[in-house]
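Let me begin by presenting the structure, written as structure tokens, before commenting on it.
Rule-based calculations on the coordinates, nothing more; no lab input. Keep in mind that what you see is a predicted model, and the values were worked out from it rather than measured. Ideal geometry is used to build each Cβ from the backbone, glycine not excepted, and the neighbour counts take in all protein chains shown.
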Amino acid sequence: MTIKVLDPRLSPEGEAARLAAPLASLDGALVGLLDNAKIGTARFYDHLEAMLRERFGVREVIRRRKPDSSRPAPADLLGELSAADAIVSGIGD
Amino acid sequence: MEPLQSHQYEVADAFEANELFQRNGWTDGLPIVPPTEPIVAHFLESAGLAPDAIVGIEPVRRRRIPAEKVAIAAVMAGCRPEYLPVVVATIKAMCEPEFGLHGVTASTGGSAPFVVVNGPVRLSLGMNATHNVLGNGSRPNATIGRALRLVILNVLGGIPGQLDRSTLGHPGKFTFCLAEDEEDSPWLPLATERGMPPGASAITVLAVESPHQVMNEWTHEPRDIAETYAAAIRANMLTYSIWAGNYAVVVPKQHRQIFAEAGWSKKDLRECVYERARVSRREWRTVGKSAVAPRKDEDAVYTALRSPDDLLVIAAGGPAGGFGAILPPWYGRKSLAVTKGIDA
């Protein structure tokens with residue numbers, strides 16, 4: 001005698017929330033940096049931007065800062081980042 | 001009743017059902033009661049809920065939370081059917097925009113929904129408001145709180161390391177629910193103070209960090225007791241977050257008696273804590289935060305509460321002992337307490 005149990009999840013198939021495939025190279029790429037609006041992030045991204053340009057040949061960097069660290073990035077801000085080949089989004093401070 | 005929509009998995013027995021849920025990350029790590037169709041249907045019927053009734057919509061990702069999935073979580077958590085309306089009312093409250101459910105679920109700050117139950121439902125469910133009230137031992141307290149976590153996990157995708165990015169979290173993330181000791185309190189119940197009709201069954205939910213116990217058994221002065229709570233709140237403002245919001249305090253009988261003898265209402269306690277729970281930015285220098293203290297005026301004074309009304313005063317705890325607790329908010333006013341009536 002077996003029993004049948006119900007799936008507790010809302011969508012058993014899951015949602016399309018996978019990371020995109022990594023770029024083969026950053027050379028000539030356009031990279032977005034999404035700043036989570038915490039105190040230390042801007043300095044960290046200054047350093048990261050310099051590294052990306054000087055060591056990895058990144059062509060251009062788009063930087064956007066969330067208006068509020070505890071709320072999701074607004075859609076228009078994400079739209080501005082959508083031109084990027086890759087995006088860096090961090091958590092914490 | 002309409003048929004349930006959830007996919008079904010066939011397993012050998014209850015042991016294997018738990019193994020399946022553990023393997024798939026569908027539980028909090030503790031074993032579950034297998035949610036079978038007849039049991040889940042019985043829960044929904046008892047609460048008068050259609051399986052596809054939408055209990056709430058998470059405001060950011062727009063996840064619609066159907067009653068069927070809430071009932072599955074309640075069964076898994078070990079609830080009895082009559083607990084389901086309390087779980088449903090709390091999910092509704094957590095979906096109000098001011099609760100900020102997405103932020104409190106996802107944040108590195110790692111908070112938990114803390115639920116206070118008021119009104120006759122406390123007695124009909126046999127909830128605990130006295131001994132060990134923030135701890136183990138009461139089935140409704142334990143399983144109602146746990147059901148919320150299982151909804152966050154399985155319905156909202158609040159999976160640790162995925163959407164839930166908590167650095168630490170805290171033990172209240174397993175379950176964090178209590179009843180207020182209305183019968184043995186001189187004070188108005190929390191829900192009544194927050195606008196519910198007297199005698200109504202209601203919940204209040206707040207996203208909190210871990211509770212911090214305070215102790216003062218060495219005075220009969222109400223102001224002294226209030227000072228102890230305020231001091232713990234000031235410490236939290238310096239070591240955790242300086243931002244004002246809904247703090248909660250759990251006040252045990254031994255402290256309540258001191259307040260009652262002096263004629264202090266909850267409002268009097270709130271006003272005292274509002275005045276006393278204040279720090280200046282400069283004090284950040286005493287706790288290793290000198291790097292950020294001078295970013296703004298260091299002599300500016302920050303209050304823990306935006307107004308006295310921000311403090312939730314809860315009468316609960318065992319009859320002996322001068323042990324209370326402060327429960328700090330997740331992140332200032334970014335998540336506020338919500339009170340809702342229970343449809344039972």
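Which chymotrypsin sites (Phe, Trp or Tyr not before Pro) in segment A:23-92 pass both tests, a DSSP loop state and at most 15 other beta-carbon atoms within 10 Å? Here no chymotrypsin sites (Phe, Trp or Tyr not before Pro) fit, given the DSSP loop and packing criteria. Kirkwood radius for the protein assembly as shown, taken over all pairs of different Cα atoms as the inverse mean of 1/r, rounds to 23.6 Å. In this structure, the amide hydrogen of B:ALA325, modeled 1.01 Å from its nitrogen in the peptide plane, lies closer than 5 angstrom to those of B:VAL214, B:VAL250, counting only residues at least 5 positions away or on a different chain. Rounded to the nearest 10 degrees, the angle from helix B:222-239 to the longest Cα principal axis of chain B is 70 degrees.
Peptide packing: for B:91-101, B:22-32, the average count of neighbouring Cβ atoms within 10 Å per residue gives the ranking B:91-101, B:22-32, highest mean first. Find the percent of Cα-Cα distances in segment B:101-215 that exceed 22 Å, and round it to a whole number. Considering segment B:101-215, 37 percent of its Cα-Cα pairs are separated by more than 22 Å.
Segment B:210-328: percent of C-alpha pairs farther apart than 17 Å?
On the way: 3743 of 7021 pairs.
Everything past 17 Å amounts to 53 percent.
Computed from the alpha carbon positions, the gyration tensor of segment B:22-68 leads to an equivalent ellipsoid with semi-axes of 21, 19, 7 Å, biggest first.
Note on B:58-65: average number of Cβ atoms from other chains within 10 Å of each residue's Cβ is 1. For segment B:133-174, the convex hull spanned by the alpha carbon atoms encloses 58 Å³ per residue. Between B:ASN132 and A:LEU23, the simple label model (points 7 Å from Cα in the Cβ direction) yields a spacing of 5.8 nm. The calculated FRET efficiency for the pair A:LEU78 and B:ARG223, based on their C-beta separation and a Förster distance of 56 Å, comes to about 0.60.
Take the alpha-carbon centre of segment B:301-343, take the same for segment B:88-117, and report the distance between them in whole Å. Centre-to-centre (Cα) distance: 14 Å. In a DSSP loop and with at most 12 other Cβ atoms within 10 Å, there are no trypsin sites (Lys or Arg not before Pro) in segment B:108-217.
If only the Cβ of Lys and Arg carry +1 and only the Cβ of Asp and Glu carry -1, the dipole of the protein assembly as shown around its Cα centre is close to 1060 debye.
With 22 Å as the limit, write out which pairs from A:LYS66/B:LYS334; A:LYS4/B:LYS173; B:LYS173/B:LYS266 have Cα-Cα distances beyond it, or answer none. Spell out each step's value before the answer.
Details: A:LYS66/B:LYS334 15 Å; A:LYS4/B:LYS173 28 Å; B:LYS173/B:LYS266 28 Å.
Over 22 Å apart, Cα to Cα: A:LYS4/B:LYS173; B:LYS173/B:LYS266.
Mean projection of the Cα convex hull over all viewing directions, computed for chain B: 17.7 nm².
Where does the charge balance sit around A:GLY57 when Lys and Arg score +1, Asp and Glu -1, over other residues with C-beta under 14 Å from its C-beta? The partial results should precede the final answer.
Details: positive: A:ARG53, A:ARG55, A:ARG59; negative: A:ASP27, A:GLU49, A:GLU54, A:GLU60, A:ASP85.
With Lys, Arg at +1 and Asp, Glu at -1, the neighbours total -2.
By the count of neighbouring beta-carbon atoms within 10 Å, fewest first, B:ARG223, B:ARG270 end up ordered B:ARG223, B:ARG270. Over the residues of chain B, the helix contribution to mean residue ellipticity at 222 nm works out to -9500 deg cm²/dmol, using -39500 (n - 2.57) for each DSSP H run of at least 4.
Seen from a random direction on average, the alpha-carbon convex hull of chain A projects onto 9.3 square nanometres.
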